[in-house]
Amino acid sequence: MSQPNIIRARISLAVISLLCCAGHAFSHPGDEHKLEQLNAVITQQPSLQSAYIQRAALYTRTGNYPLAEKDFEAAQTLGDLYLVSHELGAYYFKIKKYVAAVNQFTNYLEHYPNHYPTLEYRAEAYREIGKTQKSLEDFSHFLETSPYTNPGHYLTVAQIILSETDQGNSIDDAISIIDLGISRSGNSPQLQSFAVQLEISREFFDAALTRHESLRDITSASPRWHVEMAEILVTSKQWGKARDQLNQSAVKLADYKKTPAREKLLIHIEKLQRHISDKL
């Protein structure tokens, strides 16, 4: 390659590298502006611990881990260590050093025992290292203290409970958590659908049907809702009722514009219909 071409190639690589770094560092709107603000604050107040903590957290979120480490180290020399612990724990969690993350979160919770973001983080970290009982304890505390729970939190706790194979009543306990989530956050399809599967697994078919029926209005009794109802009925060997649900689904699908997803659903309906015909 000639010298001019080598130079052009090097320039191109440098530009690409800069663009990649920029995209990586500022993937969220406002990150660059926030970084500029923090840089200015640190320039004016180089001993302000909170500014270093905030900038380290920003670097953690954007994946600039060496810079995050540098700021965490600086912050630890500028004030009480526990004030750094939550964000440092989040940093360790992100780089998958879960034991170190737990240690940092524990340090922070010793001073702020009801800090629900830290409780949630530590619960997830405990889960990652296989300490499910401690994870459940933290999640329980989190659900009691946090004003910002969502269906996903209750689903996670139910899944952790089910992972404890030595618990004889794990399905009962998991359903209790799901129902607690429904009582607090409303009749979530995410939670009810999970509960339906649990009811089926213990052959409580009437309970499964009742739960699925509760989603009729939320889903506007969509073709898929009818198919899912039919699947429960097939599992409980209620062949005639299952066939009726499949017929309703097929009629509704005929009025919709064809899409790959709907055509796939129709194929599934036809397969179930053949299965039912074989049983009748």
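Going through the cross-link list K96/K131; K70/K94; K241/K264, which pairs have a Cα-Cα distance over 20 Å in this structure?
Values: K96/K131 15 Å; K70/K94 16 Å; K241/K264 22 Å.
In this structure, K241/K264 lie more than 20 Å apart at Cα.
Using the Kirkwood radius over C-alpha pairs as Rh, can you work out the diffusion coefficient of the chain via Stokes-Einstein at 4 °C, viscosity 1.567 mPa s, in µm² per second?
Working: Rh = 23.3 Å.
Diffusion coefficient, whole number: 56 µm²/s.
Let me know the Rg and Dmax you get for segment 219-280 when you use only its Cα atoms, in Å.
11.0, 32
Got a number for carbon plus sulfur as a percent of the chain's accessible area, 1.4 Å probe?
On the way: 8580 of 16030 Å².
The C+S portion of the solvent-accessible surface of the chain is 54 percent.
Relative contact order for the chain: what percent, with Cα pairs under 8 Å and sequence separation of 6 or more?
Details: 267 pairs, mean separation 20.0, N = 280.
Relative CO of the chain lands at 7 percent.
How many percent of Cα pairs in segment 40-104 exceed 13 Å?
Working: 1198 of 2080 pairs.
Everything past 13 Å amounts to 58 percent.
Take the Cα atoms of segment 86-142, build their convex hull, and give its volume per residue in Å³.
Numbers: hull volume 3.2 nm³, N = 57.
Dividing the Cα hull volume of segment 86-142 by its residue count gives 57 Å³.
Find how many whole Å separate the alpha carbon centroid of segment 198-271 from the alpha carbon centroid of segment 79-142.
42 Å
At q = 0.11, 0.13, 0.26 Å⁻¹, what base-10 log of I(q)/I(0) does the Debye formula yield for segment 148-214 when every alpha carbon is treated as an equal point scatterer in vacuo?
-0.23, -0.31, -1.15
How high is the relative contact order of segment 219-280, in percent, counting Cα pairs under 8 Å that sit 6 or more residues apart? Walk me through the numbers before you get to the answer.
Numbers: 44 pairs, mean separation 21.9, N = 62.
Contact order relative to length: 35 percent.
Counting heavy atoms of the protein chains only and a 1.4 Å probe, report the per residue accessible area for segment 98-170 as a whole number of Å². Present the calculation step by step, with values, prior to reporting the outcome.
On the way: 3620 Å² over 73 residues.
Result: 50 Å² per residue.
Give me the three principal axis extents of segment 131-264 from the C-alpha atoms, as integers in angstrom, largest value leading.
Largest first, segment 131-264 extends 51, 31, 25 Å along its Cα principal axes.
Got the relative contact order for segment 97-234 handy, in percent, Cα pairs under 8 Å and 6 or more residues apart? Mind showing how you got there, number by number?
On the way: 132 pairs, mean separation 19.1, N = 138.
Here the relative contact order equals 14 percent.
The values are calculated or read from the model by the stated rules, or taken from the named source; none is laboratory data. Note that the structure is predicted; figures quoted are calculated from it, not measured. These accessible areas exclude ligands, DNA and RNA; they are computed on the full protein's heavy atoms, side chains included. Shrake-Rupley method; radii C 1.70, N 1.55, O 1.52, S 1.80 Å.
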